[in-house]
Amino acid sequence: MTAFFSKKDLERLAGPRAYQRGVASVPAVDALGTSGAEITATVYGSEPWQVRLDRRPAGLDFSCDCPRGMAGDFCRHCVAVGLVYLDGPVSKNRSAEVAAAQREIAGLRRLLGILDREDLITLLLDCAHDDHDLRRHLAARVDALVQPGSDVNDTELRLADVRALTDPASAIPVYKKHIEARIAARNRRDYAEAARYLQHLKAAYQRLHRKSEAVAYIEGLRAANARKLNLLEELAKRGL
């Protein structure tokens, strides 16, 4: 069947950077199949992503269940599938590649297992800072982890730190909920935790250029808890 798109079409839809990443992802394409004009395949990455390309009157219809694809972007996985359809699969044994990847992941699991929690969090945040796909993937998981109640669970709170890098506004309610629950606990350790996350909250507001709202919120907390001297001491330690 004659292709209904070209490499130039793929680059135009993806942009130069995503196109080049798609070129690099060609060896990860597996199980490419066609049905009429529809093209489907799996692209292996941090997860196996499902890709569909199809003809439409206005051009190329596409979908991918990776975070960027779910946001409507023509992602690198779509590029990779399009390239394999145009050029044919690379000469590589898929089962051997998957087995090698599984061995590598198993080795990474053992290495990560010796790191303590704070080191793991720092490593994840450092990687997310430089990797747009990872940030989007982690941010997409936050909503699913939100649980009702007077406080936030630990996973929700830690992932809010990641989401604050790309969508600070969504992290602010999580931080406020945690801060207020810690203040309500009425002990010195929880006051220290509240003060620590007030700094996170302040940073999120600053990324949004809304510093005055952070100042007003902190002043409101101080006024509402003026008799909690231990809390005020913890706030003072952090310059709040």
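The residues on offer are 42, 34, and the sole one that is closer than 23 Å to residue 104 by Cα, in a strand (DSSP E or B) and out of contact with any Ser or Thr (no Cβ under 6 Å at 6 or more places or on another chain) is 42. In the condition set (1) surrounded by 16 or more Cβ atoms within 10 Å (Cβ to Cβ); (2) closer than 19 Å to residue 125 by Cβ, residue 176 is compliant with all but (2). Within the stretch 117-156, the only residue that satisfies the criterion of being modelled with pLDDT of 75 or more and not in a helix (DSSP H, G or I) is 131. Without any contact (Cβ under 8 Å) to a residue 60 or more places away in the chain, of a type in the set (D, E, K, R) and in a loop (DSSP other than H, G, I, E, B): is that true of residue 54 in this structure? Considered against the rule, which asks whether it is without any contact (Cβ under 8 Å) to a residue 60 or more places away in the chain, of a type in the set (D, E, K, R) and in a loop (DSSP other than H, G, I, E, B), residue 54 comes out as no. With respect to (1) more than 23 Å from residue 128 (Cβ to Cβ); (2) surrounded by fewer than 14 Cβ atoms within 10 Å (Cβ to Cβ); (3) acidic (Asp, Glu), the lone exception for residue 11 is condition (2). Screening residue 191 on (1) within 19 Å of residue 159 (Cα to Cα); (2) buried (at least 20 other Cβ atoms within 10 Å of the Cβ); (3) in contact with an Asp or Glu (Cβ under 8 Å, 6 or more places away or on another chain) shows it passes everything except condition (1). Restricted to the stretch 31-54, and to residues there that are of a type in the set (Val, Ile, Thr) and more than 19 Å from the chain's Cα centre (by Cα), the residue that is farthest from residue 70 (Cα to Cα) is 34. Against the definition (of a type in the set (Phe, Trp, Tyr), more than 12 Å from residue 77 (Cα to Cα) and either outside the structural domain of residue 133 (by TED's automatic domain parsing) or free of Cβ contacts under 8 Å to residues at least 60 places away in the same chain (or both)), how does residue 62 come out, yes or no? Taking the combined requirement at face value, the residue does not satisfy it.
The values are calculated or read from the model by the stated rules, or taken from the named source; none is laboratory data. Note that this is a predicted model, so its numbers are computed, not measured. Methodologically, a virtual Cβ is constructed for each residue, glycine included, from the backbone with ideal geometry; neighbour enumeration extends over all protein chains shown.
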